[in-house]
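The values are calculated or read from the model by the stated rules, or taken from the named source; none is laboratory data. It should be emphasised that the depicted structure is a prediction, and the values quoted were computed from it without experimental measurement. Every residue, glycine among them, receives a Cβ derived from its backbone with ideal geometry; neighbour counts consider all protein chains shown. To get the accessible areas, we keep the full protein, side chains included, count just its heavy atoms, and leave off ligands, DNA and RNA. Shrake-Rupley method; radii C 1.70, N 1.55, O 1.52, S 1.80 Å.
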Amino acid sequence: FAEDFILSGEADVVVHGEGEDTLRDLVPALLSNQKLDPIKGISFQKNGMVIKTEGRPLINDLDRLPYPDWNIFNYRKYGLLPFVTMSKPALTIEGSRGCPHNCSFCSLGYMGKKYRVRSVQSIADEFEYTCDYYGAKQIAFADAMFPLTEKHGLEFCAEIMRRKLEKKCIWVTETRVDIITQPLLKAMKEAGCRRLLFGIESGVQTVLDGVKKNQNIEKIVKTIKICKQIGVQTCGFFILGLPGEDKSATEETIKFALKLPLDLAKFNITIPYPGCAIYQEAEQKGKLLHRNWEDYTCYTPKPQQLPWVPEGREPKELINFQKKAIRSFYLRPRVIFRHLFIIRSIGLKFIIIGGWILVSEEIKNCLLILSIKTKNLLLKSKEYIKNLLSKIK
């Protein structure tokens, strides 16, 4: 939406796709008031018109990119998301870009379909630098998935252990269940990997096939069980209200999540993020309820804020299913025990706050039901008295 941003005055220039090479050309041109037309990969306003220049090729050699300068802000005050954070300070590394898969709910297409990976040496160099220079105790990979192959994963783990970096820093990454093998998982555990994040999405095979997830239920179950056996923590991401999912399929997904030996789970409501296939189809068919980007979030308390719902579903119903999924997963005694005394990534403070929110929601719902019943009872009583008085007359 470069044109929207520029014409509304929110931006003078929009950079498309990967920004490193584009910014290197753009900043000097802006500082010296040079023409922007020759710069690839940008949009800007000229004579009242928004101009989009020729696209810039993807960066194939990721090894040449410099490391982030974390010193420009007080990184020790910040943390990652609770389901990612295991130790602090925690910083991120990008080991690859792009994704060869075509999941219809994903908007990462702007990074390209071509999977480009840094060399094992380059990633290990940054890993070591981040641990030694910044004092990081945890590294989280910011990739769509890392590793993508067993071979690259085993090579990376071997390099980490050769440098004995597993003794300095633990790491967390997101990947797919069909990438993880027992030999790879054992190597990852030895190399300091302590938690894996998996996009499970649904517990119904037809729903997974419908959104082109390209993974099967049996493999999900097998991989999560192997992680449990080897001792690597797991977090499962689920999406409720995917295209082609009815109420019974949503129920099935929640039941499936409860059966898996996951340590953490995140239940999102389907959001048609710009760039994903669901958004494009909804826009073409006029099914988008609004374009208020503030409300394009997986966790919203108000039904009217949802920007889209699948055919035959209601916003309030999806929000209720989300609440049910979170309550069902996290209010189990064994899960509470593990988070209090073993995992500890969420912490007692947030567990208490979260528990209070869930309890207060239940109280609020009970009071609402009670008020409705009371109102109906009063109306019936009024009607009864009215009829009784008419008979007396």
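Within the stretch 38-46, is even one residue of a type in the set (F, W, Y), more than 22 Å from A124 (Cα to Cα), surrounded by 13 or more Cβ atoms within 10 Å (Cβ to Cβ) and without any contact (Cβ under 8 Å) to a residue 60 or more places away in the chain?
The first filter runs over the stretch 38-46 and keeps only residues of a type in the set (F, W, Y), leaving 44.
Adding the requirement that they be more than 22 Å from A124 (Cα to Cα) leaves 44.
If we keep only those that are surrounded by 13 or more Cβ atoms within 10 Å (Cβ to Cβ) too, we end up with 44.
Those left that are additionally without any contact (Cβ under 8 Å) to a residue 60 or more places away in the chain: 44.
Within the stretch 38-46, one or more residues are of a type in the set (F, W, Y), more than 22 Å from A124 (Cα to Cα), surrounded by 13 or more Cβ atoms within 10 Å (Cβ to Cβ) and without any contact (Cβ under 8 Å) to a residue 60 or more places away in the chain.
Could you check the stretch 218-256 and list, in sequence order, the residues that are part of a helix (DSSP H, G or I) and polar (S, T, N, Q)? Lay out the reasoning, then the answer.
Our first condition is that a residue be part of a helix (DSSP H, G or I); within the stretch 218-256, this holds for 218-230, 247-256.
Selection gives T223, Q229, S248, T250, T253.
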Seminar exercise, completed: Out of (1) assigned to a strand (DSSP E or B); (2) modelled with pLDDT under 95; (3) not hydrophobic (A, V, I, L, M, F, W, C), the one E174 does not meet is (2)
Seminar exercise, completed: Restricting attention to the stretch 60-104, the residues that are under 17 Å from V120 (Cα atoms), open to solvent by 20 Å² or more (accessible area, probe 1.4 Å) and β-branched (V, I, T) number exactly 1
Exercise. With respect to I346, is the statement that it is closer than 15 Å to D263 by Cβ, modelled with pLDDT under 70, open to solvent by less than 80 Å² (accessible area, probe 1.4 Å) and not aromatic (F, W, Y) true?
Worked result: yes
For this session: Select from the stretch 202-237 the residues that are in contact with a Cys (Cβ under 8 Å, 6 or more places away or on another chain), under 30 Å from K137 (Cα atoms) and open to solvent by less than 10 Å² (accessible area, probe 1.4 Å) and list them in ascending order.
Result: V232, T234
Exercise. Restricting attention to the stretch 197-212, does a residue exist that is within 19 Å of I343 (Cβ to Cβ) and either part of a helix (DSSP H, G or I) or touching a helix residue (DSSP H, G or I) at 6+ places or on another chain (Cβ under 8 Å) (or both)?
Worked result: yes
